[in-house]
Structures are given as structure tokens and as C-alpha cells.
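Working notes for the structure below.
The values are calculated or read from the model by the stated rules, or taken from the named source; none is laboratory data. Just so we're clear, the structure is a prediction, and the values are computed from it rather than from any experiment. Reconstructed Cβ throughout: ideal geometry from the backbone, glycine too, with neighbour counts over all protein chains shown. For accessibility, only protein heavy atoms count, side chains too; no ligands or nucleic acids. Shrake-Rupley method; radii C 1.70, N 1.55, O 1.52, S 1.80 Å.
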Amino acid sequence: MDLSLRWLKDYVDIDVPVKEYCDRMTMSGSKVEGYTDLGAEISRVVVGHVVEIERHPDSDHLFICQVDVGVGEPVQIVTGAQNVNKGDWVPAALDNSTLPGGIKIKKGKLRGVVSNGMLCSLGELGLTLGDFPYAIEDGIFILQKECDCQQLVPGADIKQFIGFDDNVVEFEITPNRPDCLSVVGLARETAATFDLPAKLPEPQIEKETGDINEHLKITVSAPDLCPRYTAKMIKNVKIAPSPLWLRRRLSAAGVRPINNIVDITNFVMLEYGQPMHAFDYSYISGGKIDVRRAGEGEKMFTLDDEERNLDPSMLVIADGEKAVAVAGVMGGQNSMILDTTDTIVFESANFSGVSVRLTSKKLGLRTEASSRFEKGLDPAQTYDAVMRACQLVEMLGAGEVVGGMIDVDNSCKNKTVIKLEPERINAFLGTDIPEADMRKSLTSLYFELDGDDITVPTFRADVETFADIAEEVARIYGYDKIAMTVFRGESSHGQLTDRQRFKRKIDSVMLACGYSEIFTYSFISPKYYDNIALASDDVRRKSVTILNPLGEDTSVMRTTMLPSIMESVARNYNFRNAQAKLYEIGKIYLPDEDASKLPEERKIISVASYGNTDFFAVKGVIEELVAALNVKELEFSAVTDDASFHPGRCAKVTCDGVEVGIIGQVHPLVCNNYGLEGVEVFAAMLDFELIFANKAEEKTYVPLPKYPAVTRDIALICDDEVPVAELAKAIKKGAGQYLENLQLFDVYRGAQVGEGKKSVAYSFALRASDRTLEDSEIENIMNKIMKNLEKDTGAKLRGI
């Protein structure tokens with residue numbers, strides 16, 4: 001909202017520097033984006049009086065003017081304009097003057113004759129014919145007595161005569177304050193902020209003739225979309241340019257002056273924030289207006305000369321035959337004001353903001369009127385607005401006001417009443433504002449107080465509760481006056497949760513192992529389950545279906561992370577990356593048997609790699625990860641029935657007897673489905689929550705050993721199907737607390753060990769924390785190890 005301070009002073013007698021005005025209005029809740037000095041680019045341009053004029057001796061189109069600029073002797077200026085005569089008052093740009101657009105004027109010579117400046121046209125001063133209709137567009141701007149009705153004085157600053165001695169303040173008005181999209185609304189805010197009286201307009205019509213009801217009938221067929229429709233009639237209309245003061249007000253607000261009738265409707269819209277429209281009565285068929293929904297397939301031409309296709313969701317203003325305006329958006333060509341217009345109908349209505357917004361969006365047509373209506377206006381202001389328009393018609397002599405008014409009012413008359421609670425307001429704000437000051441602040445904002453009952457004005461639909469009243473008190477009292485106090489209540493030190501720290505640790509370890517984190521969508525295509533070879537009766541095919549998917553590729557919520565990470569692997573391979581190591585911590589969604597319940601969301605750590613890697617490399621990364629997370633030791637056992645993985649290179653992962661995930665080589669047929677023929681892809685998936693549940697609360701550190709360790713190597717022969725993990729478990733069980741580390745260093749299959757057998761060699765260290773182990777103790781430990789190996793796995797020492 002652009003506010004001219006000159007216009008504001010018509011209602012509030014304010015005399016403060018513009019910078020102070022902006023600061024204080026911002027502090028009271030009316031945020032100022034900035035301000036513009038309309039004459040900032042003009043300097044040393046003055047009113048000049050042409051006292052002599054003669055032709056240039058060496059040119060048939062130049063004239064030498066002697067111009068009185070109030071500095072003693074007349075100043076000589078050469079011009080090429082043909083419309084300048086002796087006695088004219090003109091804008092003269094003197095030597096070293098500046099004009100809009102950064103133009104600088106210097107003293108010079110034209111055909112050998114000295115010119116001490118330049119006579120200015122409208123365009124050179126940043127003006128248009130809308131600002132001064134009597135002027136000549138391509139000639140020198142000749143000043144008339146109309147210029148601010150002041151006596152023209154040579155040497156006076158031109159800005160005061162063309163309306164550029166003004167500042168325009170730009171406000172950022174929030175959607176909940178449509179009342180401030182008006183000069184009157186901002187005048188009320190200014191008066192309250194600066195504790196000044198406001199002189200708001202009180203429209204009065206001195207003379208009316210006839211009765212509008214004899215000429216016009218109005219019905220509202222869609223009262224839900226039009227709460228109030230008010231109309232007045234003007235006859236014997238005289239179309240003419242508006243007076244200078246009105247044109248200046250409109251131009252300062254960024255509105256182009258057109259003619260007196262159109263300018264009046266625009267002026268009232270800016271003054272009251274109430275959009276208005278004027279219809280040519282001669283084009284209203286049958287003298288009837290009906291506010292109705294548009295018909296299916298109905299069309300009309302709007303004022304911008306565009307044909308608009310309407311539908312029943314749109315509200316139109318219609319006569320007995322056709323639509324003559326799109327309600328709240330734009331009028332129609334078939335009822336526009338022309339120079340020949342004799343009788344007009346002023347419309348001041350209140351339309352549903354939602355309806356106007358939807359109509360504007362469908363038509364791709366946004367106007368000053370629609371932008372105001374869609375925020376929700378006060379139905380009560382339609383009366384004042386139409387009366388103000390008629391008052392201006394009388395003031396400008398633009399016609400005769402017809403008596404009576406048609407006012408179809410279906411608006412709600414209930415006003416909001418809120419209790420004044422001074423103690424509660426002070427407790428809420430942390431202030432000690434006297435009750436009298438609260439009452440004064442609310443009264444200055446046009447709230448009515450009856451004892452402790454506050455009646456909210458109809459134009460303040462945003463005030464609904466006690467908190468809104470507290471805000472009104474605080475902003476007028478002054479936010480800057482509220483003393484700083486110690487924060488009330490308990491405060492907590494911000495920190496990461498245990499799970500957040502756990503997740504960050506995972507990221508740190510995986511990055512250290514050379515893996516890159518990826519992020520994939522949680523919704524996938526049902527066909528992805530075919531790609532990973534899930535059986536038709538696999539429970540993982542039962543997914544949560546999205547009601548409004550973007551497409552089939554994103555129509556269900558995933559129940560496994562494998563398809564998502566395989567898509568990323570395939571994309572990297574297609575981009576010719578020779579190797580890739582990827583991981584993601586994402587969610588899967590497991591539907592509940594009761595469809596009315598939300599699915600179970602489980603967080604999964606998924607890992608995949610290809611190129612220069614194998615099963616044991618990925619297994620080593622998983623073991624490195626759980627060690628860094630201080631999670632209990634994992635156990636791996638072969639799995640042969642998962643169709644997504646290679647049957648001989650897959651293992652389930654358990655922790656403390658609970659299955660927490662799976663690791664293995666992705667099945668070659670699955671790889672083929674992703675265009676990875678001949679590529680070995682290894683993947684692992686671990687349940688985040690189960691891993692988190694098995695982490696130790698803290699690590700236990702032990703001092704450096706004081707006594708030497710004893711190392712032993714053993715080579716075992718066992719059946720080929722015995723997992724080495726079982727062998728390691730038996731060794732650990734037999735060694736007990738004395739086992740410091742255990743390392744597998746050889747696995748051999750061949751003729752020397754026999755068919756169906758394998759040789760497995762381990763190296764391990766034994767140490768006691770309080771003494772050096774004796775030979776007898778070591779022998780006893782070795783016997784226990786071999787006893788457990790033979791009992792649990794059938795393994796024996798090689799060579800025995």
C-alpha cells in the first residue's frame with residue numbers, strides 16, 4: 001500500500017520527519033518497507049516567466065527566450081518548441097540542474113547562441129497527460145493557474161506546483177489487516193500511534209432529486225457470495241478531467257488518472273479500501289441488476305478487451321439479458337463509462353473473498369479490486385463509500401445525485417465483544433501498563449468500551465480473542481517501552497538426542513569407510529518387488545497404497561530398502577562409475593492388519609557396493625560399524641532361501657539372539673533386472689532400532705597390560721559345511737576370559753584334507769590381567785578349546 005503523506009495530512013495533522021514517521025509506524029505494527037521522495041531526482045528546476053521571445057538568427061526552428069527566474073536579470077534559454085509565447089509560465093531547468101532518469105542540464109550554445117538551461121516538457125519532468133490533461137505532450141509544459149491554485153512566482157521550486165513536494169510511504173500490509181489497505185485505515189493507525197485526533201471524512205450530500213427505485217431494481221440471487229450490495233444513481237453526468245488535487249492523489253498512489261467519474265471510484269477505493277464500479281445506466285437492460293452465478297458456457301468481454309469464459313462457480317453482475325461485470329474483479333465493456341454517458345449507477349458491494357480469489361485465479365485476471373476483496377472486507381463500509389463517491393460528484397460538479405439508495409444487506413450484524421482484563425494483559429505481556437492507558441489505546445483504535453466489555457469495530461475482523469486485545473495494547477503502548485525481564489519458566493540446554501548422536505556416528509564411520517550417503521523416495525512402484533524377485537505370496541509385497549500418487553512409479557510405500565538402493569547402484573553404473581559404495585538410513589512402512597491404523601515405520605541402515613569389493617569386505621564394514629557404535633558382537637549365519645540374494649553368499653545377522661538384518665551378494669538375476677549383467681553387487685540391511693537397542697551405554701576402558709601374552713596357532717580339520725563362525729565361538733567359549741584376540745588366517749580345501757573337509761587355521765593370544773600365565777594353565781586352556789571344538793563342531797587338530 002502506497003500512502004501519500006500529503007493525502008494523509010488531510011485526515012491527521014502530523015508534522016514529523018518522514019524517517020521518524022516510518023520508524024514509529026513500523027514499531028506500532030504497520031510495517032514500512034520504505035519511502036520515496038517524489039522530487040528527489042529534480043533539482044534547480046524553477047518556475048520561469050517568458051518575458052521576451054525572438055527567432056534564432058541562424059535557425060528557422062529555434063527560439064531565443066528571455067526567462068525571468070527570480071534572480072534579477074532574465075536568463076537566456078534557447079528552445080525548439082513551437083508552443084512557447086511571451087507571457088507563458090514554464091518549468092526552467094537551470095545550469096547544473098538534474099531531471100528524472102539522472103539527466104543533467106549544463107550551460108551551452110545552440111547555433112552560436114548561449115543557452116543557460118532548458119525549458120521542460122511533461123515527459124522530461126516525469127509527468128504524463130494524465131497528470132496535466134491540458135498540456136501538449138510533445139511541447140513545452142505551459143503552467144496554468146490550476147497548479148495548486150497558487151500565484152505563480154518566478155524562481156519558485158517547480159516541485160510544489162507539479163505535486164512532487166511529497167513523500168510516498170510504502171507499507172507492507174499483512175493479509176489479516178485489509179482495513180489498512182486504505183488511506184483512512186492508515187490514518188486511524190497514524191492517529192493512534194502519534195496520539196493525535198483523526199479527522200475522517202463524514203460524507204454528506206447536499207441535494208438529491210428523484211428516486212433511484214423508480215429507475216432501477218436490484219436482486220441478489222447468490223447472497224452467500226454477496227453479503228451486501230449498495231447502489232446510488234447519478235444523472236446529467238458531465239465527463240471531464242478531474243481537478244489537480246484529485247489527480248495528484250491518484251498519481252502518488254500509482255493510479256493513472258482517466259476522467260472524473262472513473263477517478264472518483266479509484267479515489268474512494270484508495271481512501272476507504274472499498275472497491276467501487278460505475279455502470280452506464282443506458283446499457284443496463286430493463287433497469288434491472290441481478291447478482292448471480294454465471295451460467296454454464298457464458299461469455300463476456302471485460303474492460304481490458306478480453307473475452308472471458310465463465311462458469312457457475314463465478315459471481316457476475318447481470319442485467320435482464322447479460323453479464324455486465326465479473327463481481328469483484330473487473331467490469332464489462334458493455335457497460336463502461338464513455339464521454340457520451342449521461343446516467344451512471346455507482347456500485348459499492350461486498351463479495352466473498354474466497355469466491356473472488358477463485359474467480360480471479362481461473363480467469364488469470366488479478367486487479368486492485370480483487371486483491372482487496374479476497375482478503376475479506378467490512379460489509380459496513382459499502383454505505384460510507386458510495387456516499388463519499390456521491391459527495392465527490394457534487395464537489396466536482398460531475399452530475400446530479402438521484403435520491404434514495406438501494407441497499408441489499410444480507411451480512412451478519414453480530415459484533416465481537418471481548419472482556420477487558422488489565423491484570424491478565426500485564427501478566428501476559430510482562431508489563432505494568434495502567435488500566436487507563438489500556439483504555440486510551442483501545443479507544444484510539446476505535447474500539448468501544450462499555451465497562452469491561454470491548455466491542456470490536458466491524459473493520460477489525462482480525463481481533464477475536466483476549467490475546468488480540470493484548471497485542472493491540474502492546475503495540476500502541478510501544479514494544480520498545482516494554483522492559484527487558486528475565487525469561488520466565490524453565491529452560492533446557494539444546495542438545496542432540498541419543499538417536500541423533502547414534503545416527504551421526506553411523507555417518508562418520510561410513511564416510512570413513514569410503515561410503516557416500518544417498519537419499520531416496522519412500523514411495524516406489526509395485527513393479528520394484530518383481531525386480532528384486534520377491535515371491536507372489538511374500539509378505540513384503542503387502543504395501544501401503546497412496547491415494548493420490550504422482551504416478552504408478554510412486555504409488556506404494558516401500559517395505560524393503562533393497563529396491564531403492566539398487567536403483568541408485570544402477571544409476572551409478574549407467575553413469576560409468578567403475579565402483580560405488582553407497583549407504584542410506586531410510587524408512588520402510590509395514591502396514592497394520594487393521595487398515596484404519598497407520599503403518600509401522602522402521603528405520604533401516606542399507607549398504608550397497610560394487611567394483612573392487614566382495615562379501616567379506618562388506619562384512620568387515622558392518623563389523624567396523626557396530627564396533628564403533630559400541631554394539632554387542634554380531635553373529636552371521638548362512639541363508640539360502642532369500643530370492644533376492646545369492647544362495648551361497650548370504651547371511652542373516654543376529655545380535656544377542658535377535659535377527660537384526662541381512663548381508664550378501666545380490667542375486668545375479670536381480671542384477672540383470674537393473675541392467676547390471678555380470679556385475680557383482682553386495683548389500684546389507686540392518687534395523688536401526690534393533691542395533692540401537694543393543695548398544696552399550698558406555699565403553700569400559702582397561703589399563704595397558706602389565707604381563708606378557710601367549711600366542712598360539714591351531715590348524716583344524718572339520719566338515720566343509722561347518723561355518724567358521726561356529727569354530728570361533730567354540731574357541732572363545734573354551735578360552736574364556738583369557739582370550740585377548742582371535743584371528744582367522746587360513747582356509748584350505750583340497751586332496752590333502754580329503755573330500756568334504758576343510759582346513760581352518762586360527763591365531764590367538766591369551767593373557768591374564770594379574771599375572772603371567774603358566775604352562776600348566778595354558779595347556780589346560782588349550783584342552784578346553786579342543787574339547788569344545790570337537791563337541792560343538794566335530795573339528796580336530798590337523799595331523800591327528
What are the residues whose amide H is under 5 Å from the amide H of Ser97, where those residues sit 5 or more places off or on another chain and H is modelled from the backbone?
Ile105
Where does each of Phe575, Phe466, Phe523 land when they are ordered by accessible area, with a 1.4 Å probe and the largest first?
Phe575, Phe523, Phe466
Region 200-270 and region 84-109 have their Cα centres apart by a whole-number Å value of 40
Once phi for every residue in region 415-422 is put through the Karplus expression 6.51 cos²θ - 1.76 cosθ + 1.60 (θ = phi - 60°), the whole-Hz ³J(HN,Hα) values, with Gly and Pro written as x, are 9, 7, 10, 10, 6, 8, 10, x
Amide H within-cut-off set for Lys238, under 5 Å, with H built and near neighbours excluded
Gly399
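Highest mean first, what order results for 168-175, 492-499, 270-277 on Cβ atoms within 10 Å?
Values: 168-175: 16.6, 492-499: 7.6, 270-277: 26.2.
Descending packing order for the listed peptides: 270-277, 168-175, 492-499.
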Tilt, helix 183-194 to longest principal axis of the chain (alpha-carbon atoms), in degrees rounded to tens, equals 80
Any chance you could give the angle, 0 to 90 degrees and rounded to 10, that helix 381-396 forms with the longest Cα principal axis of the chain?
30
Say the cut-off is 32 Å between C-alpha atoms; which of Lys619/Lys796; Lys375/Lys597; Lys503/Lys791; Lys362/Lys415; Lys199/Lys481 go over it?
Lys375/Lys597; Lys503/Lys791; Lys362/Lys415
Percent antiparallel among DSSP beta bridges with both residues in region 181-315, to the nearest 5?
50
Give the separation of the Cα centroids, region 17-72 to region 578-616, in Å.
71
Given the C-alpha centroids of region 288-346 and region 642-675, what is the distance between them in whole angstrom?
70
Under a Cβ-only charge scheme (Lys and Arg +1, Asp and Glu -1), can you give me the dipole magnitude of region 1-122 about the Cα centre, in debye to the nearest 20?
360
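Heavy atoms only, probe 1.4 Å: what % of the accessible area of the chain goes to carbon and sulfur, would you let me know?
On the way: 19830 of 40390 Å².
Carbon and sulfur: 49 percent of the exposed surface of the chain.
Keeping every protein chain present and rolling a 1.4 Å probe, give me the accessible area per residue for the chain in Å². Write out the running numbers ahead of the final one.
Details: 40390 Å² over 800 residues.
Value for the chain: 50 Å² per residue.
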With volume of the Cα convex hull per residue in Å³ defined as stated, name the option among (i) 328; (ii) 270; (iii) 178 computed from the structure displayed.
(i)
If you average the sequence gap of Cα pairs under 8 Å that are 6 or more apart and divide by the length of the chain, what percent do you get for the contact order?
8
Helix axis angle, 435-444 relative to the chain longest principal axis, alpha carbon, degrees
60
